[in-house]
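To keep things clear, I will list the structure first and then write my remarks on it.
The values are calculated or read from the model by the stated rules, or taken from the named source; none is laboratory data. Bear in mind that the values here come from a model prediction, so they are computed numbers and not experimental data. As a convention, Cβ positions derive from the backbone with ideal geometry for all residues, glycine included, and neighbour counts pool all protein chains shown. To get the accessible areas, we keep the full protein, side chains included, count just its heavy atoms, and leave off ligands, DNA and RNA. Shrake-Rupley method; radii C 1.70, N 1.55, O 1.52, S 1.80 Å.
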Amino acid sequence: EVQLVESGGGLVQPGGSLRLSCAASGFTFDDYAMSWVRQAPGKGLEWVSAISWNGGSTYYAESMKGRFTISRDNAKNTLYLQMNSLKSEDTAVYYCAKTSSEVAGLYDYWGQGTQVTVAS
């Protein structure tokens, strides 16, 4: 079955950095675009970033531009999110998500999430 497992979250000071990873299995990883989505406490889901199947195109929410970098290693079936200059507003559970092959803009599989807490 499809499985997505995030890791790399933790507690970091404002201005610090974290690198999140998402290990994928159960599908042909390099056939699909992937995304990172986050959920802050008490808030709804917020799209963070996306990357095309081969990493040739990347997309970011406005508040993440210049701070976050999405990448992937298809040989390792792994998705990454490098987060720099972190702010308290970035505190959230971060999920990696697989795009649907049937509906544009829909994510049909999600990981369990990894907690990122930005605080001093």
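Of note:
- Residues located in region 68-120, provided they are among the aliphatic types (A, V, I, L, M), free of Cβ contacts under 8 Å to residues at least 24 places away in the same chain and assigned to a loop (DSSP other than H, G, I, E, B): V103, A104, L106
- Inspection of region 63-86 identifies at least one residue that is open to solvent by 60 Å² or more (accessible area, probe 1.4 Å) and more than 28 Å from S120 (Cα to Cα).
- Of all residues in region 35-67, those satisfying the criterion of being part of a loop (DSSP other than H, G, I, E, B) and among the basic types (K, R) are K43, K65, R67.
- Here A92 fulfils each of the conditions (1) touching a Ser or Thr at 6+ places or on another chain (Cβ under 8 Å); (2) aliphatic (A, V, I, L, M); (3) buried (at least 18 other Cβ atoms within 10 Å of the Cβ); (4) closer than 16 Å to V12 by Cβ apart from (1).
- Of the residues making up region 5-47, those that are open to solvent by 50 Å² or more (accessible area, probe 1.4 Å) and among the acidic types (D, E) are D30, D31, E46.
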